[in-house]
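The values are calculated or read from the model by the stated rules, or taken from the named source; none is laboratory data. A quick note: this is a predicted structure, and the numbers were derived from the prediction, not measured. When we count neighbours, we look across all protein chains shown, and the Cβ atoms used for this are built from the backbone with ideal geometry, even at glycine. Just so you know, the surface numbers come from the protein's heavy atoms only, side chains and all, with ligands and any DNA or RNA stripped out. Shrake-Rupley method; radii C 1.70, N 1.55, O 1.52, S 1.80 Å.
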Amino acid sequence: MVEDAAVTVTGTGVLRVLGARDLPALRTLLDRDPVAHCFVASRLVAAGADAWALGGGIWGWYDDRALVSALYVGANLVPVETTPAARLAFADRARRTGRRCSSIVGPAADVLPLWEQLAAAWGPAREVRACQPLMALASAPHVPVDHEVRRVRPDELDVLLPACVAMFTEEVGVSPVEGGAGAAYRARIAELIRTGRAFARIEDGEVVFKAEIGAVSPGVAQVQGVWVTPSRRGEGLSLGGMAAVVDIVRASLAPVVQLYVNDYNTVARRSYRTVGFDDVGVFATVLF
């Protein structure tokens, strides 16, 4: 093995921190599955391959001079089209650099084998969600839209923020504002609002339905943070709400809308299917 700050040579393969010269090959790799790789592709759109702007960096695995796998390294660890040899190399480097991410997320076929190799050094995980159906919709929604759902205005940040905190805490199991993270989380939600990626139905100053677009790549937008206030659940607000989000997003951001959901959340999965989403893959998430 030969290693420096950017390159590791193992057998016939080479692990390299990707830069501008690797962008064409990386885009080709991401295009193998634009729906599954929406998040990493969105980071390239936002920042190119600049590690500071990306919030981390991207490692690439070259085999016979061809880029065959990649790993986004930031607040989340996101594998892309990983081969067994690439996972071995990524895991070896990740063990030595130490864990700096809050989760590993992506296609289950990539995430779970990678986690097996990292668990002894990085574990225990707080939770492993091994089966999260990836769903996508590339047409008009199948149910009527709720015309009360709209983009959230910048002056409504303090209206939306409590709903975002409640959703995150309910979904992830910890508050996003713990440990002094309140200012950063508020800034993140403000940025989503500013860029027109936060949607809600607001009644009497209270959010009753909301969703955000967490990533937009060329052609695909990823929905996150879908939430209905507990007192209004069971009324079907998510159907019209998601239909409205899909309708607005397809008209203004990307023609394909995707999301992933926990397999045990049968109510949400049924709702998304009613709106028109189809299962197109399986994600997994390791939470720390």
Discussion item. Suppose the filter is under 23 Å from Val80 (Cα atoms) and among the hydroxyl-bearing types (Ser, Thr, Tyr); does Tyr260 pass it?
Written reply: yes
Discussion item. Just to verify a result, which residue in region 110-126, among those that are touching a residue at least 60 places away in the same chain (Cβ under 8 Å) and assigned to a helix (DSSP H, G or I), is farthest from the chain's Cα centre (by Cα)?
Written reply: Trp122
Worksheet item: Can you tell me how many residues in region 82-102 are surrounded by 21 or more Cβ atoms within 10 Å (Cβ to Cβ), closer than 20 Å to Arg43 by Cα and touching a residue at least 40 places away in the same chain (Cβ under 8 Å)?
Response: 1
Fill in: Whichever residue in region 35-55 is more than 14 Å from Gly106 (Cβ to Cβ) and crowded, with 17+ Cβ neighbours inside 10 Å and, among such residues, is modelled with the highest pLDDT
Leu44
Practice prompt. Report the residue count in region 253-288 for those that are closer than 16 Å to Val145 by Cα and open to solvent by 20 Å² or more (accessible area, probe 1.4 Å).
Written response: 3
Response to the item:
In the set Arg233, Arg197, Arg201, the lone residue that is farther than 30 Å from Leu30 by Cβ, buried (at least 21 other Cβ atoms within 10 Å of the Cβ) and of a type in the set (D, E, K, R) is Arg201
Item to complete: With the condition kept exactly as written, say whether any residue in region 141-156 is farther than 19 Å from Leu23 by Cβ, part of a helix (DSSP H, G or I) and free of Cβ contacts under 8 Å to residues at least 12 places away in the same chain.
Response: yes
Practice prompt. Kindly establish whether Val105 is open to solvent by less than 50 Å² (accessible area, probe 1.4 Å), outside any helix (DSSP H, G or I), among the aliphatic types (A, V, I, L, M) and under 30 Å from Phe209 (Cα atoms).
Written response: yes
